[in-house]
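This report concerns only the one structure given below.
The values are calculated or read from the model by the stated rules, or taken from the named source; none is laboratory data. Model, not experiment: these values are computed from the prediction. We place every Cβ from the backbone using ideal geometry, glycine too, and count neighbours over all the protein chains shown.
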Amino acid sequence: MNKDDMMQLIESICATLPKRLKDFREQSGLSLRETAEKIGKSPSQLSLWERGINPPSCIDLFKLCLIYDIALFELFPEICNPPKPLKEELDVYEMYQKADQNIKAIIQEILVYTQQNKKN
């Protein structure tokens, strides 16, 4: 990657990271205040991050990933490729695709229940 490509990549990350931070916070069902308390920052500091005025530190990014229950690569899709699914995961997906609607409905209920309890 040449210098111009690298600069373009950095600009892209700087332009998209604030929205991703806000989106992940909202998907987690947390307010600015709740998130700030969890990482020991002020809500105004988080607001600066989400508006792209000041970037968070690396340590703060790691803390946010833990709070939002996401992998770090999800914040930087421009440079990080997610891991390829395991064979077992592909097998489960294939079985799900072949299942009838009743089984799919049960699986969906289990997933919803699991996600709700994961936040607690």
Picking from Glu89, Glu78, the residue that is acidic (Asp, Glu) and either closer than 20 Å to Glu34 by Cα or not in a loop (DSSP other than H, G, I, E, B) (or both) would be Glu89
Cβ pairs under 6 Å, 6+ apart, first in region 43-71 and farther than 10 Å from Leu21 by Cα, second surrounded by 13 or more Cβ atoms within 10 Å (Cβ to Cβ) and among the basic types (Lys, Arg):
Ile67/Lys38
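Given the criterion modelled with pLDDT of 90 or more, surrounded by 14 or more Cβ atoms within 10 Å (Cβ to Cβ) and on the phi < 0 side of the Ramachandran plot, identify the matching residue among Lys41, Lys19. Reasoning before the result, please.
Working: Lys19 fails: surrounded by 14 or more Cβ atoms within 10 Å (Cβ to Cβ).
Among Lys41, Lys19, only Lys41 is modelled with pLDDT of 90 or more, surrounded by 14 or more Cβ atoms within 10 Å (Cβ to Cβ) and on the phi < 0 side of the Ramachandran plot.
For every residue, the table says whether it meets (1) hydrophobic (A, V, I, L, M, F, W, C); (2) within 21 Å of Lys118 (Cα to Cα); (3) more than 14 Å from the chain's Cα centre (by Cα).
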site	(1), (2), (3)
Leu48	yes, no, yes
Pro56	no, no, yes
Leu61	yes, yes, no
Leu64	yes, yes, no
Exactly one of (1) within 22 Å of Asn117 (Cα to Cα); (2) loosely packed, with under 12 Cβ neighbours inside 10 Å is unmet by Met6. Its number?
(1)
Would you confirm whether or not region 101-111 contains a residue that is under 15 Å from the mean Cα position of the chain (by Cα) and either farther than 28 Å from Arg25 by Cβ or modelled with pLDDT under 85 (or both)?
no
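Using the structure shown, decide if Phe62 is part of a helix (DSSP H, G or I) and touching a Cys at 6+ places or on another chain (Cβ under 6 Å). Spell out how you get there, then give the answer.
Numbers: part of a helix (DSSP H, G or I): yes; touching a Cys at 6+ places or on another chain (Cβ under 6 Å): no.
No: the conditions fail for Phe62.
Residues Ile70, Ile59, Ile79: which one is at pLDDT below 95 and either touching a helix residue (DSSP H, G or I) at 6+ places or on another chain (Cβ under 6 Å) or surrounded by 14 or more Cβ atoms within 10 Å (Cβ to Cβ) (or both)? Give the steps one after another, and end with the answer.
Details: Ile59 fails: either touching a helix residue (DSSP H, G or I) at 6+ places or on another chain (Cβ under 6 Å) or surrounded by 14 or more Cβ atoms within 10 Å (Cβ to Cβ) (or both); Ile79 fails: either touching a helix residue (DSSP H, G or I) at 6+ places or on another chain (Cβ under 6 Å) or surrounded by 14 or more Cβ atoms within 10 Å (Cβ to Cβ) (or both).
Of Ile70, Ile59, Ile79, the one residue that is at pLDDT below 95 and either touching a helix residue (DSSP H, G or I) at 6+ places or on another chain (Cβ under 6 Å) or surrounded by 14 or more Cβ atoms within 10 Å (Cβ to Cβ) (or both) is Ile70.
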Scan region 23-38 for residues that are surrounded by fewer than 17 Cβ atoms within 10 Å (Cβ to Cβ) and part of a helix (DSSP H, G or I) and jot them down.
Asp23, Glu26, Gln27, Arg33, Glu34, Glu37, Lys38
